[in-house]
Amino acid sequence: QVQPLLVIHGGAGVERAEMTPEREARARDALALALRRGYARLQAGDSALDAVSAAIVVLEDDPLFNAGRGAVFTHDGRNELDASIMDGPSLAAGAVANVHRVKNPVLLARAVMEKSPHVLLFGDGAEQFAAEQGIALVDPSYFRTEERWQQLQKALKEDAAGKRAATGMATLRHFG
Amino acid sequence: TVGAVARDSQGRLAAATSTGGMTDKRWGRVGDSPIIGAGTYANADCAVSGTGWGEYYLRVAAARDICLRMSLLGESAAIAGQAVIEDEIPSLGGDGGAIVLGADGEVAMPFNTEGMYRGWIGSDGVPHVAIYAQD
């Protein structure tokens, strides 16, 4: 038997200037919980796919991270979610893009991989597939957090002031 | 963006990534996270999940590039991750990070920003969490 391992990330672009002790403690707790949930699957003899799915569900459910609940807003004030998953031995893969009602997009990506002949489903069609597969759907308001909403308002004000258009794409925060 | 890579007790690797994209995005923009080979990739030798400026991860097919370096060139996770995340992407103007897991259990977590939320757990069963480069 091989020793199981799990590695996770919760996003790059973390800046000390925007960090508070409370936020850092929350992040560390959430990451530790994701690691424990995923590793428990590995210790139970489940697959690497099960482990990465379990870990990501924890992070999607935590509003601190830009995925699932707590996702950033688009220009139009919507939360638009993407996810993907891949199995190393078989090269099987599944992905979804631009979904708005799927509570845990990683679970839908896995359903695409395991229960469809396709790799990437998009938008309304992806959500129709989710409904057919019994994947949990939620009202889009589930994903909203005030912090993310204020980030969008700040960006829109900068748009209106011409700051972002004038300086071009290079100054934008493009972590995704 | 969040991501995970794992190796199970049978030595099988997997990778996954999930994201809300970028604030104020327009026109149905899609980044690297749902694109197999850009933000996510796994084969028998390697598993990768990326987080960063998606357009650059797409242009260099970042996740598959890291895995091909490991599979075909025999590079370590650290060397392959550094070549793509710390050298190639910044040379084009992009930034971000990734987590890389090799079939041999080697872990790399390269990033070129001030911090990246990240963590790992293995034989000791204890979650290890880090944020900044010096953590």
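The values are calculated or read from the model by the stated rules, or taken from the named source; none is laboratory data. Owing to the predicted nature of the structure, the values given are computational and were not obtained by experimental measurement. Every residue, glycine among them, receives a Cβ derived from its backbone with ideal geometry; neighbour counts consider all protein chains shown.
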(request) Evaluate the following for B:D65: is it surrounded by fewer than 17 Cβ atoms within 10 Å (Cβ to Cβ), acidic (D, E) and either touching a strand residue (DSSP E or B) at 6+ places or on another chain (Cβ under 9 Å) or farther than 15 Å from B:Y41 by Cβ (or both)? (result) no
(request) Taking the residues in the range B:37-51 that are surrounded by fewer than 24 Cβ atoms within 10 Å (Cβ to Cβ) and facing chain A (nearest Cβ under 7 Å) as candidates, determine which candidate is farthest from A:N98 (Cα to Cα). (result) B:A44
(message) Among the listed residues B:A38, B:A47, B:A63, identify the single one that is under 11 Å from the mean Cα position of the chain (by Cα) and either part of a loop (DSSP other than H, G, I, E, B) or at pLDDT below 95 (or both).
(response) B:A38
(request) Being closer than 21 Å to B:G21 by Cα and within 7 Å of chain B (Cβ to nearest Cβ) narrows it down to one of A:A51, A:A55, so name that one. (result) A:A55
(message) Let me confirm something: among A:I85, A:I135, A:I56, which residue is in a loop (DSSP other than H, G, I, E, B), crowded, with 19+ Cβ neighbours inside 10 Å and touching a strand residue (DSSP E or B) at 6+ places or on another chain (Cβ under 8 Å)?
(response) A:I135
(request) Please state which one of A:R36, A:R69 is touching a Phe, Trp or Tyr at 6+ places or on another chain (Cβ under 6 Å), at pLDDT 95 or above and surrounded by fewer than 23 Cβ atoms within 10 Å (Cβ to Cβ). (result) A:R69
(message) With in a helix (DSSP H, G or I) and more than 8 Å from chain B (Cβ to nearest Cβ) as the only criterion, which of A:R37, A:R28 stands out?
(response) A:R37
(request) Could you list all residues from the range A:44-53 that are in a helix (DSSP H, G or I) and hydrophobic (A, V, I, L, M, F, W, C)? (result) A:A48, A:L49, A:A51, A:V52
(request) Name every residue in the range A:111-132 that is in a helix (DSSP H, G or I) and within 11 Å of chain B (Cβ to nearest Cβ), in order of residue number. (result) A:V112, A:M113, A:G123, A:A126
(message) Six or more apart or on different chains, Cβ atoms under 6 Å: show the pairs whose first residue is in the range A:90-110 and part of a strand (DSSP E or B) and whose second is of a type in the set (D, E).
(response) A:A97/A:D82; A:N98/A:E80; A:V99/A:E127
(request) Could you please find all residues in the range B:86-115 being facing chain A (nearest Cβ under 7 Å) and in contact with a Ser or Thr (Cβ under 7 Å, 6 or more places away or on another chain)? (result) B:G96, B:G97, B:I99
(message) Looking at (1) under 25 Å from A:V112 (Cα atoms); (2) within 9 Å of another protein chain (Cβ to nearest Cβ), which one does B:D65 not meet, given that it meets all the others?
(response) (2)
(request) From the list A:R110, A:R78, pick out the single residue that is out of contact with any Lys or Arg (no Cβ under 7 Å at 6 or more places or on another chain), among the basic types (K, R) and buried (at least 23 other Cβ atoms within 10 Å of the Cβ). (result) A:R110
(request) Mind listing just one residue for me: the one in the range A:1-19 that is under 16 Å from A:F65 (Cβ atoms) and more than 7 Å from chain B (Cβ to nearest Cβ) and, of those, surrounded by the most Cβ atoms within 10 Å (Cβ to Cβ)? (result) A:M19
(request) Being more than 22 Å from A:V138 (Cα to Cα) and crowded, with 16+ Cβ neighbours inside 10 Å is the filter here, so list the residues in the range A:90-107 that pass it. (result) A:A92, A:A93
